[in-house]
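What follows is a short report on a single structure.
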Amino acid sequence: MRIRLAALLACALSLTAASAPAEAARPSVALGSVLPAPAEVRPAGGTFQLTRRTVVEAPPAARAVAEHLAAALRPATGYRLPVVGRAPAGTPAISLEPGHAEARLGTEGYRLRVTGTRVTLRARGNAGLFAGVQTLLQLLPPAIDAAAPQRGPWIVPGGDITDYPRFAYRGAMLDLARHFHTPDEIKRYVDEISRFKVNHLHLHLSDDQGWRIQIDSWPRLTTVGGAPGTGVDGTGGGFLTKAGYRDLVRYAAARYVTIVPEIDLPGHVNAAQVAYPELTCDGVAPPPRTDTAVGYSSLCIGKEVTYRFVEDVIRELAALTPGPYLHIGGDEAHATSDADYVTFQERVLPLVAKYGKTAYGWNEIAKAPAARTAVAQYWGLSTENATLAAAVARGTKVIMSPANRAYLDMKYDPSTPLGLSWAAYIEVADAYGWDPGTHVSGVPESAVLGVEAPLWSETLRKLDDIEFMAFPRLAAIAELGWSPARDWESFRSRLGAYGPRWTNRGVGFYPSPQIGWAH
């Protein structure tokens, strides 16, 4: 009998603790300890405690975001967290409220208010609500990211956050050509980048070593260019079917990430020419390449079959891609003369517009007059580029990806087992220590659409490799794209506090010695 009474008493105490007012427990996370840093943070007294009684409240238009939030909270808490249209009176609720029009918030900004009885998230639409959800998840203890039930309490600090992005485009790039990464690996990467409000994923789908997207009008591109034995060292075979690509687009869109496909032209085309020798000037197929050399291949600029091929690829890829951008490469075309390069771009850049997309390419495309309506991705090592500055003066917009700051495939230091070092060794402080709005002379912030962190796959083979090279540096690039100002000491502290969240999700990040990692 004593044992039963003791058990009942313990159960009663547990239930009392679970429904205690939020003020009974202290939050383990400060209101502003978020990556990327919010625009405005105003702490206030009180806290909100997530309990078994909590519901997620949302109108039908925001239900998908509400379900995403509830699904993220359920594993660690063990709570039901039902999604309802209206919370019963007196029920603690997390309320998602679209339709909040405020000019400075734009489409991705949000307002988050935390009181003792309610968390209210307001935004113009679901993109802003989704961004706010990422912030809310970081305001809970790191154990919220565990896959199995954990002990609470689940406390959110009280106060208000008003947040919106500095740049509209915040991207990551993943190279599928040098090594094919599976759809499941790509989806895992989408999950992780979206947590930092990264809203574009650029997929590099073709290169000298492989072709990774199905094109019905040129089927040998994948049956030959995506076959086993393609890729660096012959270990990266595979390709995306059209159905697989569409599925990735849908998956990313549900996380407010836009897929940007890239076909690299007129160089980096050896895999295409192995499959279709008529794309060479002499009609002879080159040998397959599995090395990492660059700059030796070129489409034949004077042959009309070149432009039939390019238009077919652009047409099919544009039809698959709901996002606004189609990337046509353009870098390292050393085997193409300058005159031929401009001739090629003057014919090809307008083709992208013909099929309803905005042309996007590496900064070399700025040499062509037709680039005035395109987006140029700057990957250079210098803070001076007269050609790019002149194109900007004519109207070209820019994505900043300087290789010595933003390339995630660069080694952290000489001892890093993966990656390359031709651009630089890039530690976390290097990735964080530059300003996209002032980085290149003659390219003012008004011409900069945003930032992107490319991850090339010459040395990558599996998801663990992707994670080790991307994190934590991607969080640095994401903050440069979202937050209004840089503060290294603040970022360093917030990043260190974030480490256990990666650990709880099984993300194999690089534990940089520059960061004081929490445990």
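How much of the accessible area of the chain, in percent, comes from carbon and sulfur atoms when a 1.4 Å probe is used?
Details: 10940 of 19520 Å².
Result for the chain: 56 percent of the exposed heavy-atom area is carbon or sulfur.
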Contour excess over end-to-end distance, with Cα ends at Thr117 and Val284 and 0.36 nm allotted per residue: 52.9 nm
Largest to smallest principal axis extent of the C-alpha atoms in the range 340-409, angstrom: 34, 24, 22
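Per-residue ellipticity at 222 nm for the chain, helices alone: DSSP H runs ≥ 4 residues times -39500 (n - 2.57), over residue total, nearest 500 deg cm²/dmol? Please report the intermediate quantities before stating the final value.
Working: 15 runs with 168 residues, N = 519.
That comes out to -10000 deg cm²/dmol.
To two decimal places, what compactness ratio does the range 157-264 give when its Cα radius of gyration is scaled by 2.2 N^0.38 Å? Show your work: numbers first, answer last.
Numbers: Rg = 16.2 Å, N = 108, 2.2 N^0.38 = 13.0 Å.
Against the empirical 2.2 N^0.38 Å value, I get 1.24 for the range 157-264.
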Contact order normalised by residue count of the range 391-444, Cα under 8 Å, 6+ apart, percent: 30 percent
For Val119, distant residues with modelled amide H under 5 Å away: Ala93, Ile94, Ser95
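If you place +1 on the Cβ of every Lys and Arg and -1 on the Cβ of every Asp and Glu, how big does the dipole about the Cα centre of the chain come out, in debye to the nearest 20? If you can, show how the numbers build up before the last one.
Values: 51 positive and 50 negative charges, 552 e Å.
Taking the Cα centre of the chain as origin, the dipole is about 2660 debye.
Quick one: plug the Kirkwood hydrodynamic radius of the range 463-502 (C-alpha pairs) into Stokes-Einstein at 20 °C, 1.002 mPa s, and report D in µm²/s. Display every interim value, and only then the final one.
Numbers: Rh = 11.0 Å.
The diffusion coefficient I find is 196 µm²/s.
Determine the gain in length on full extension of the stretch Ala147-Glu304; use 0.36 nm per residue of separation and subtract their C-alpha separation, reporting nm with one decimal. Working shown, then result.
Details: separation 157, 0.36 × 157 = 56.52 nm, distance 5.55 nm.
So the chain would gain 51.0 nm between Ala147 and Glu304.
Over 19 Å between C-alpha atoms is what I'm after, so list which of Lys187/Lys242; Lys187/Lys462; Lys303/Lys397 land there.
Working: Lys187/Lys242 16 Å; Lys187/Lys462 13 Å; Lys303/Lys397 31 Å.
Exceeds cut-off: Lys303/Lys397.
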Efficiency of FRET between Thr292 and His334 - r from beta-carbon atoms, R0 25 angstrom, step 0.05: 0.95
Charge dipole (the range 388-446, unit charges on Cβ, about Cα centre) - positive-most of Ala393, Ser415, Gly442: Ala393
Estimated Rh, the range 320-460: Kirkwood, alpha-carbon pairs, angstrom: 15.9 Å
Dipole-positive endmost among Ala64, Gly85, His100 within the range 58-123 (Cβ charges, Cα centre): Gly85
Surface per residue (accessible, 1.4 Å probe) for the chain, Å²: 38 Å²
Positive-end residue, the chain charge dipole about Cα centroid, Cβ charges, pick of Ala272, Ala403, Ala431: Ala431
Two-site label geometry, Lys187 and Ala424: point separation in nm, points 7 Å out along Cα→Cβ: 3.6 nm
The range 308-381 - charge dipole about Cα centre, Lys and Arg +1 at Cβ, Asp and Glu -1, debye rounded to 20: 320 debye
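Where does each of Ser483, Ser298 land when they are ordered by accessible area, with a 1.4 Å probe and the largest first?
Values: Ser483 5, Ser298 25 Å².
So, going from the largest accessible area down, we get Ser298, Ser483.
Ordering Ser382, Ser95 by accessible area with a probe of 1.4 Å, largest first, what comes out?
Numbers: Ser382 50, Ser95 0 Å².
Greatest to least solvent exposure: Ser382, Ser95.
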Compactness of the chain, expressed as Rg and Dmax over alpha-carbon positions, Å: 24.8, 94
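Express as a percent, rounded to the nearest 5, the fraction of DSSP beta bridges in the range 59-143 (both residues included) that run antiparallel. Walk me through the intermediate numbers first.
Details: 4 of 9 bridges.
Taking every DSSP beta bridge within the range 59-143, about 45 percent pair in antiparallel fashion.
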Calculated from backbone phi, Karplus (6.51, -1.76, 1.60) coupling profile of the range 106-114 in Hz, x at Gly/Pro: x, 8, 10, x, 7, 10, 10, 10, 10
FRET efficiency, Asp312 to Leu381 (Cβ-Cβ, R0 22 Å, nearest 0.05): 0.05
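The values are calculated or read from the model by the stated rules, or taken from the named source; none is laboratory data. All of these numbers come straight from a predicted model, not from anything done at the bench. For neighbour counting, all protein chains shown are included, and Cβ atoms are generated from backbone atoms with ideal geometry for every residue, glycine included. Just the protein is used for accessible areas: all its heavy atoms, side chains included, with ligands, DNA and RNA removed. Shrake-Rupley method; radii C 1.70, N 1.55, O 1.52, S 1.80 Å.
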